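I have placed the structure first, in the form of structure tokens, so that the comments after it can refer back to it.
What follows draws every value from the coordinates through simple rules; no lab data is involved. Just so we're clear, the structure is a prediction, and the values are computed from it rather than from any experiment. Cβ: placed from backbone, ideal geometry, glycine included. Neighbour counts: every protein chain shown.
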Amino acid sequence: MTLNALTLLQQFLILLAGLSLFVSFILIAQPRLVAAIHSFAWQGVLVSALTLTAAMTNQAPPLYFSAGLTLVLKGLFIPWLLHRLALRLGLEGHSETLRWPELVLLAGVFLVIFSYWLVEPMVERELIFTRNIIAVSLAVVLLGFLMMVFRTQAVAQVLGFMSMENGLFLAAVSATTGMPMVVELGVAFDVLVAAVLFGVFFFQIRESIDSLDVDRLNRLAETPDVEPMLSEEIGE
Amino acid sequence: MSGLTLTLFAPLLGGLTLVWLRPLGLAGWFNLGVSGLTLVGSLWLAKTVAQKGILVESIAGMGFRIDAFNVYLVVLTAFVGFTTAIFSRPYMRHVCASGKISPASLRLYHSLYQAFMLTMLLALTTDNLGILWVAIEGATLATVLLVSLYRTPEAVEAAWKYFILCSVGIALALFGTVLTYFAAQHVLADPAAGLSWSALYSQAQMLNPTVMRIAFVFLLVGYGTKVGLVPMHQWLPDAHSEGPTPMSAVLSGLLLNVALYAVVRLKMLVDGSLAQTQTPQLAGILLMGFGMVSFLVAGLFLHRQRDIKRMFSYSSIEHMGLMTFAFGLGGSLATFGALLHMLVHSLTKSAIFVTVGHATHIAGTQAIDRIRGLIRTQPAVGWSLLIAVAAIAGFPPFGIFASEFLLLTATMQSQPWLTLALLSGLGIAFAGLFRYLHPMVYGQPPEGQQAVPANMIPVLIHLGLVLWLGLAIPEFLAQWLDRATQLITGTHLL
């Protein structure tokens, strides 16, 4: 895949997508919560900038709308909400101890390679641009997934989820010319409601386990060591 | 005004009104009334579809497509929603009166109940794969606060797990949806219609098979999380056991069905796309694999449960696995059996959860080893539980026996060696259920255990219907399911 075969514009779009992927890596390895929230905001801004560029070049007016929506929702509102919640929960200086950060980053690299491997047969060889950008957006989705698996702090898990959404959005904008308007509004509404509900849950979780480390939520695991009751108690 | 608008707008407006409705006694009745109205709307819709065949409608720029397959699920959803509302009215009043939840939480409960019904009905009726995704994610959002309604540490944990797992799963499904849309871009004349299921279905053989194959894996994992397929099932027992009982009834009876409906619709697209390739059965094989694993694993897990609601949620996973397997098997007999099984399982399982709600109320606990002597304390609850469990375990003359028999016959025809696995799975699940059921219904009740005011009407209606379906499937219903079978597989059974 030679990138210089692409037009300058496509190279610019790929640069923006690549930067979003880079932010995903930052999110995985950033132990300080507030800094991670800020990085997430930058990812939102990057995705929005990419959408705006695509809107201008494709002459697709609905994309202007989605660019604005992404900027407001992912770049401003959700980071602001999470930041405020972090302050109210007294987490501004919070720094999470990451488990095996190097290994997780390495796993992230493998996920990027995996995305390219998965996407390769899907798109014809000529469409280098589409192929790159779908692979990158899938990588952003999978890295968000990885983050949700390896971070045990509730707010960090939410960041992982939201960056997954960013990756999905990236895929929708770049592989196609954006989803139909009703769908986009519906997805945005769901994300918004999810963000608010996550906020509610931070307080519920802290109330119940006095911490936001979701590793301590372990009351409901299957308990194999207890012998289940047998039917000795039946009368007669 | 049509059946469809009534079906969708009743829960929408009802949900919005219930947020503000302060008199608690009235709210329960209002919830019931709205559910009744939805049921009327769905029956009206069914009548229209029966006359016209396929109904295509557009409301507020959203396309709807209702055919024999989804209209039967719409009626089922509205019906179970209605009977559960009958049960939930006094039950939740009692929960509220006992101080477990505040009046504000009860208001939230009623409003979200309708919101959940709305998302289910929207997911079933829409023609747009994007809206389908939005509605199924909306169902998670509507129910997640209900799971944590009691605010115990366990409930909050269950809700968090539910929220995170289902959101992640459903995010993967959205990626699959985007890929489907991508495949449609080069095929459809109007790319903007690329998420319309009917447009995609008519051109399915043109969709790029490589893209569709990968898209289906994402879609199956995503929606499969909501179906409760192993290994993505972790949220299901927790959410069912910690949420309020009416919620467990509708989650098990409806949400799982709707998610499976989404999987089947998408399988139809992928089958069309892969028909000319070397692996035309790929989607079916994946469904069979996931279904069989879920069926067997859940059956084994039934044996080590100590919480009665957890036990029955594993039974739901087991049955969803069986249906997924049957849809994967394909062919008209298996599909007919799976459709029938969806119907009878929903009816039976919601009846079980309603009965379990009363049983836990009598015993004051959900722990299996502390629920004893139900028949002596309150025969209506004890016998209902016994009969309902006999029905869910597949005893004749109940409907589940009929559908499981059809499924076994179909398996015997096309994959004979898998019949053995199915039979042993059914046996394991049967043993698991009855092992705990026996001491719960018979046995000596603890000192001072008293009967509670119970509303057994929904249970009686459901079990009566399941019995009827087991003895003789009415002609119109058989025709109806046959038409749905024809839509899915292309061939008639009857």
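Computed quantities for the displayed model
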item	result
Paramagnetic reach from B:L477 (point 7 Å along Cα→Cβ, amide N under 11 Å) across region B:326-356	B:340-341, B:343-345, B:347-348
Three-way shape call for region B:378-494 based on the alpha-carbon gyration tensor, with the a/c threshold at 1.5	oblate
Dimensions (Å) - the protein assembly as shown, Cα atoms, principal axes, largest first	84, 61, 52
Chain B: relative contact order in percent, alpha carbon pairs under 8 Å with at least 6 residues between	13
Residue exposure sequence - B:M62, B:M212, B:M117, A:M181 - by fewest surrounding Cβ within 10 Å	A:M181, B:M62, B:M212, B:M117
Estimated FRET transfer efficiency (A:I26, B:A193; beta-carbon r; R0 41 Å; 0.05)	0.60
Axial C-alpha extent at least 30 Å, average Kyte-Doolittle at least 0.5 - helices from chain B (DSSP)	B:24-52, B:68-97, B:103-125, B:153-185, B:308-329, B:332-363, B:416-441
Order of B:T419, B:T348, A:T176 under a 10 Å beta carbon neighbour criterion, fewest first	B:T419, A:T176, B:T348
Helical segments meeting 20 Å axial Cα length and Kyte-Doolittle 1.6 threshold in chain A (DSSP H)	A:8-29, A:101-119, A:128-150, A:181-209
Computed FRET value (nearest 0.05) for A:T57 with A:F114, which takes r as the C-beta separation and R₀ as 30 Å	0.50
Region B:281-494 - percent relative contact order, Cα under 8 Å, separation 6 or more	28
Shape call, region A:1-157: gyration tensor on alpha carbons, a/c limit 1.5	oblate
Test item: B:466-479 mean partner chain Cβ contacts at 10 Å	0
Under 12 Å, Cβ to Cβ, from A:G44 - net charge with Lys/Arg +1 and Asp/Glu -1	0
Cα→Cβ-extended label distance, 7 Å offset, between B:L24 and B:I461, nm	2.5
Contact order normalised by residue count of chain A, Cα under 8 Å, 6+ apart, percent	22
Protection proxy ranking, peptides B:154-160, B:86-92, average beta carbon neighbours within 10 Å, highest first	B:154-160, B:86-92
Nitroxide proxy distance, nm - points 7 Å out along Cα→Cβ at A:V149 and B:R93	5.0
Net lengthening on full extension, B:T5/B:A50 (0.36 nm per residue, minus Cα-Cα)	14.5 nm
Förster radius 41 Å - calculated FRET efficiency between B:T152 and B:T419, Cβ distance, rounded to 0.05	0.40
Rounded Å value of the spacing that divides the Cα centres of region B:25-93 and region A:19-35	46
Rg(Cα)/(2.2 N^0.38 Å) for chain B, N = residue count	0.92
Prolate/oblate/rounded call for region A:94-221, Cα gyration tensor, a/c under 1.5 rounded	oblate
Contour excess over end-to-end distance, with Cα ends at A:Q11 and A:N218 and 0.36 nm allotted per residue	69.8 nm
Residue order, fewest to most beta carbons within 10 Å, for B:M456, A:M179, A:M164, B:M206	B:M206, B:M456, A:M164, A:M179
